[in-house]
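What follows is a short report on a single structure.
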Amino acid sequence: MNEFQFIDDAMPDVPLADPVRVAETKARALNGARLSRRRIEGRSRGRFGWAVAAVATATVVAFVMTVPRLGTDTAPPAGGPGEVLEAVADRAAARPEPVESRYWRTTTEIFLRVRVNGYVVDDWGRQTLWYSPTLPTVREWTRLGTVPSTEEDRAAWERAGSPELCELTRGCGDDHLPPVDRTLVMPDPPNRPARPLQVFGVGLDLKEIRELPKNPVDLKARLLTYWPVYSRTQPKGPAEKVDDWLWSVGTSLLWDAPISPGTGAAVYRMLAGLPDARIIGTAQGPHGRAAIALARSSSFEGTESRILIDPSTGDPLGLRKMLVTARDGMPSGAVTTTITVQKSGWTDTSPRMPKGCTLEDAERCVY
């Protein structure tokens, strides 16, 4: 039995992240803003591509919560921030290599806070990526709901006629946007089973993922070989700096791709070595958990990003981005996005496919 299957059997109902519980409370307080408990407690699902776009373009803050991996946790390491990070990276590298199964599955929850039409709204969704080196990739997206962010925003929304609040990364009336409490399934064509896994704009097949270096210098050099192609595909506008891109690719690799434990440790060390990166030896992770953090500001996004790491295991706990300066009616330091990784690992379970679901008939791909 692989690790992911064990978790599914032993802990089928993983507690949701703090932002979702906050959303439920906020929905009740706002008297009628549309966010259902059933949706919050509903089936895990998500759409990988949408979340990547949201995190890349929105002014955001993100938490990532992972299901604890099998093994015995040890006491947090002692020492200064740099020494703590080295010890944590060593612990991450010491994890056993994952056992490959039918699918690499990652389930995440996405929270966005964005100003639209004169008011700020909070939006939640859940996505699941099913990636296989031999089977078609499947993406799922479940809408959890959207509410005005504050009482003032609710008043502005009502003055605007209380328009439908839709997922911010898509828009109302989009054929590819499921109703709240429903899940949209997006399968790849069956004749395209070997499509590369997209990791923040970089397409990697399983062989490339397995061969990612375990040394931070070599890992950075390997990732930089993908930069020219990525940069040419970006729309015109403010130029993204290569170090900002490396930070985004590295954080995405930590939970989106089936990298080896040694590569995960190299990611930590590579990110810590980027310009303007710093190590915070004492930080607060999801649910008040103790963490260390890798922090870095991005002039491209106008945010500070913090990768939260469990110091006793080396597991990534979260990624938090916050506004560096006040913007769009939100103060400096405002949390504007949350990503919660509920599960990530290999599984023999196959994705649920609604009857008749095909890319050509997307209406049949909702359950």
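The values are calculated or read from the model by the stated rules, or taken from the named source; none is laboratory data. Predicted, not measured: the structure shown is a model, and the values here were computed from it. Every residue, glycine as well, gets a Cβ built from its backbone with ideal geometry; the counts of neighbours run over all protein chains shown.
Couple of notes before you dig in:
- Filter result for Trp227 (over 26 Å from Asp90 (Cβ atoms), modelled with pLDDT of 90 or more and buried (at least 21 other Cβ atoms within 10 Å of the Cβ)): no
- Ser298 satisfies every condition listed in (1) more than 28 Å from Tyr226 (Cβ to Cβ); (2) out of contact with any Cys (no Cβ under 7 Å at 6 or more places or on another chain) except (1).
- Residue in region 230-240 that is modelled with the highest pLDDT, counting only those that are part of a loop (DSSP other than H, G, I, E, B) and under 19 Å from Leu204 (Cα atoms): Thr233
- Given (1) in contact with a strand residue (DSSP E or B) (Cβ under 9 Å, 6 or more places away or on another chain); (2) not in a loop (DSSP other than H, G, I, E, B), number of the condition Glu363 does not satisfy: (1)
- Val324 vs. criteria among the aliphatic types (A, V, I, L, M), surrounded by 15 or more Cβ atoms within 10 Å (Cβ to Cβ) and in contact (Cβ under 8 Å) with a residue 40 or more places away in the chain: no
- Residue identified as at pLDDT below 85, touching a strand residue (DSSP E or B) at 6+ places or on another chain (Cβ under 9 Å) and either surrounded by fewer than 23 Cβ atoms within 10 Å (Cβ to Cβ) or farther than 30 Å from Arg232 by Cα (or both) among Asp175, Asp205, Asp153, Asp181: Asp181
- Criterion (among the polar types (S, T, N, Q) and at pLDDT below 85) met by exactly one of Thr107, Thr72: Thr72
- Of all residues making up region 107-143, the number that are closer than 25 Å to Thr303 by Cα and not acidic (Asp, Glu): 18
- When residues of region 241-272 are limited to those that are out of contact with any strand residue (DSSP E or B) (no Cβ under 9 Å at 6 or more places or on another chain) and under 15 Å from Gly201 (Cα atoms), the one surrounded by the most Cβ atoms within 10 Å (Cβ to Cβ): Trp245
- Region 347-367 residues that are at pLDDT 85 or above, paired with ones that are of a type in the set (Gly, Ala, Ser) (beta carbon under 6 Å, 6 or more apart): Thr347/Ser101; Asp348/Ser101
- Answer residue from region 208-222, given it is touching a residue at least 40 places away in the same chain (Cβ under 8 Å) and in contact with a Leu (Cβ under 8 Å, 6 or more places away or on another chain) and is surrounded by the most Cβ atoms within 10 Å (Cβ to Cβ) among those: Leu219
- Listed by position, the strands (runs of 3 or more DSSP E) inside region 277-335 whose residues that are over 17 Å from the mean Cα position of the chain (by Cα) number at least 3 are 278-284, 290-298.
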